[in-house]
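I have placed the structure first, in the form of structure tokens, so that the comments after it can refer back to it.
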Amino acid sequence: MSGVEVSVWVNIGYGLMLAALLTRDILWLRVILMAGQLCLCVFAVQSGVLNAAVWNALFVIINAAQSALVWRERREVRLPDGLETLYQARFRLMRRSEFLRLWNLSTEQRLDNGQLIAADQANDRLYLIADGEVVIRVRGNEMARLGRGAFVAEMSFLTLEPTSADVEVDAPMTCRYWTRAQLDRLSQRHPKLWHKLQAAIGHDLVGKLRAVDMNATMMTHADAG
């Protein structure tokens, strides 16, 4: 191999590795890194440096396997109709595969009537209404009704403070819940998914606050009238 050919393979290989390190997406990082290591592997074989060829071939194999795993996680997942509507309403920041991972972590709970959450209690669960609705009561007064796709008791869950209201059920309702231990593990193992869940919770809280402001404004106008 001529000196020019050696220079080409080496420069392409290291150039691709540099481009990989500047890439933010993990899948593209691994693919570009794999291409750069493949160039260095070809150079090492043609130069007779078998030790370097073996190491770069091993790096190529590892990155190819990891790229396949990332691609499999990202590929489009078809959700059942019931879950698709819930995903569109609340979890669109996530990929469907991420939403399905989160959903499969949760536990289903069904109630026909009664109390789901009592006020002034410690809460280590994050609830999501999957079907039906719940009634939010403060000192016996109905403050709101929350339906499908709404988070319940999220403030006490996030702040570690006691619950501020009773959450009751007066018709058949299905919810899903995650425990604090489950979501702590999720935040450690899948931090991006945890941040997306936090964003979904924040979006839900904003919607609730807007509804409260709107009701307060309507009551003020009614009193003024």
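No value in this document is a laboratory result; all are computed from the given coordinates. What you see is a predicted model; the values in this text were computed from it and never measured. Positions of Cβ are backbone-derived with ideal geometry, glycine not excepted, and every protein chain shown enters the neighbour counts.
Things to note:
- The residue that is farthest from A20 (Cα to Cα), counting only those in the range 67-88 that are exposed (fewer than 13 other Cβ atoms within 10 Å of the Cβ) and of a type in the set (G, A, S), is G82.
- Considering only residues in the range 161-180 that are among the aliphatic types (A, V, I, L, M) and surrounded by 14 or more Cβ atoms within 10 Å (Cβ to Cβ), the one that is nearest to F99 (Cα to Cα) turns out to be M173.
- Filter result for the condition that a residue is aliphatic (A, V, I, L, M) and farther than 16 Å from K208 by Cβ, over L146, L128, L160: L160
- For R110, the conditions (1) part of a helix (DSSP H, G or I); (2) out of contact with any Lys or Arg (no Cβ under 8 Å at 6 or more places or on another chain); (3) over 30 Å from R30 (Cβ atoms) all hold with the exception of (1).
- Members of the range 84-126 found to be within 13 Å of G149 (Cβ to Cβ) and of a type in the set (S, T, Y), listed by number: T85, Y87
- When S7 is tested against (1) among the polar types (S, T, N, Q); (2) crowded, with 16+ Cβ neighbours inside 10 Å; (3) more than 28 Å from K192 (Cα to Cα), just one condition goes unmet, and that condition is (2).
- Residue in the range 154-164 that is in contact (Cβ under 8 Å) with a residue 24 or more places away in the chain and under 25 Å from E84 (Cα atoms) present: yes
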